[in-house]
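Working notes for the structure below.
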Amino acid sequence: MKITEIIQEFNPLYLNDLKNEMHHSIFINEASYKILILRGLNITDDGLGYLSSGFVINNDKHIYKFDREGDCLDKSDIPFSELYKLLSPIFERNDKIVMHYIDEIDKLEDVLFGRKSTRIFMDVWFDLKKDLTRMDRYFERSLKVIGQLHKEFSKVDDFQKVEFADLMSAVSHLQQSLKNQISRLDALYNYFASIKNDKLNNNLYLLTVLSAVFLPLNLIVGFFGMNTENLLFKDNPMGTQYVIWIVSGSFLLTLFGLPLIRIIDHRILKIFLGRYNMYNKISGKIDRLFKLD
């Protein structure tokens with residue numbers, strides 16, 4: 001049915017709001033009707049998006065859902081006393097989408113804590129942070145709109161106050177969960193930055209070692225072109241081979257020695273001084289607490 005056939009005093013300006021698929025959540029309170037536009041989360045190939053649903057409630061407490069294809073209102077089979085059943089599926093879908101984002105954060109966290117940060121870490125991190133921030137703003141507005149709806153109809157006898165209070169509580173909990181995930185992302189970024197700084201420091205250290213090794217070797221190699229008495233290997237027929245061995249040994253020591261030292265530090269020392277010691281302390285405290293044998 002056309003809107004004007006149901007509500008003769010309907011403001012035509014609101015029609016564009018109902019037609020807009022991306023319209024933000026809003027509650028419009030008019031004397032002869034109420035309009036509720038509730039925007040839900042939607043995932044497309046292009047990323048996070050929104051999809052709005054429009055509802056009109058007349059003074060007889062009949063609920064109509066706006067049909068964008070037919071540009072008309074369809075009367076809902078759900079009575080006013082069960083209005084929350086029209087809104088719950090939207091937030092149930094939102095909850096599933098948020099859980100998928102949490103799973104992606106868990107994967108990113110596991111990769112990073114395994115010190116296996118990828119080159120695309122910042123791209124993934126930025127997309128997650130951007131979407132979670134947008135969802136946080138979305139839930140803030142949705143909670144405000146549902147609160148306005150609850151306040152408007154709270155004095156109506158057949159309005160389900162408890163169910164709407166539970167719905168608002170669930171939305172608030174979901175929003176708080178989003179804030180926690182944003183904090184997790186901030187912590188992951190700080191940890192990622194510390195890993196990159198650690199790698200940079202190691203590279204600088206390696207360059208310093210290489211400089212300390214090869215600069216003196218340049219002096220040794222350059223000795224062959226010098227016309228100075230009593231220099232090392234000057235009269236030794238094996239002098240050239242000795243120099244080659246020294247250069248090769250220094251190169252191999254730099255190439256394989258430093259990684260070996262890192263492995264010893266990362267594997268052996270951490271087992272005895274790091275992780276093992278930490279879990280051993282925790283296990284000991286638990287045993288003492290519960291008096292386990």
Exercise. Please list, ordered by first then second residue, the pairs with beta carbon atoms under 9 Å, 6 or more apart or interchain, first in the stretch 149-171 and free of Cβ contacts under 8 Å to residues at least 24 places away in the same chain, second outside any helix (DSSP H, G or I) and exposed (fewer than 13 other Cβ atoms within 10 Å of the Cβ).
Key: K161/S154
Exercise. Please work out if S142 is buried (at least 16 other Cβ atoms within 10 Å of the Cβ) and either of a type in the set (D, E) or closer than 21 Å to K34 by Cα (or both).
Key: yes
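Quick one: is L188 in contact (Cβ under 8 Å) with a residue 12 or more places away in the chain, among the aliphatic types (A, V, I, L, M) and within 22 Å of I146 (Cβ to Cβ)?
It is false that L188 is in contact (Cβ under 8 Å) with a residue 12 or more places away in the chain, among the aliphatic types (A, V, I, L, M) and within 22 Å of I146 (Cβ to Cβ).
Only one of I43, I105, I35 is closer than 16 Å to L149 by Cα, in contact with a helix residue (DSSP H, G or I) (Cβ under 7 Å, 6 or more places away or on another chain) and either assigned by TED's automatic domain parsing to the domain that holds A187 or exposed (fewer than 15 other Cβ atoms within 10 Å of the Cβ) (or both); which?
Values: I43 fails: closer than 16 Å to L149 by Cα; I105 fails: closer than 16 Å to L149 by Cα.
Sole residue among the options that is closer than 16 Å to L149 by Cα, in contact with a helix residue (DSSP H, G or I) (Cβ under 7 Å, 6 or more places away or on another chain) and either assigned by TED's automatic domain parsing to the domain that holds A187 or exposed (fewer than 15 other Cβ atoms within 10 Å of the Cβ) (or both): I35.
The values are calculated or read from the model by the stated rules, or taken from the named source; none is laboratory data. A quick note: this is a predicted structure, and the numbers were derived from the prediction, not measured. Positions of Cβ are backbone-derived with ideal geometry, glycine not excepted, and every protein chain shown enters the neighbour counts.
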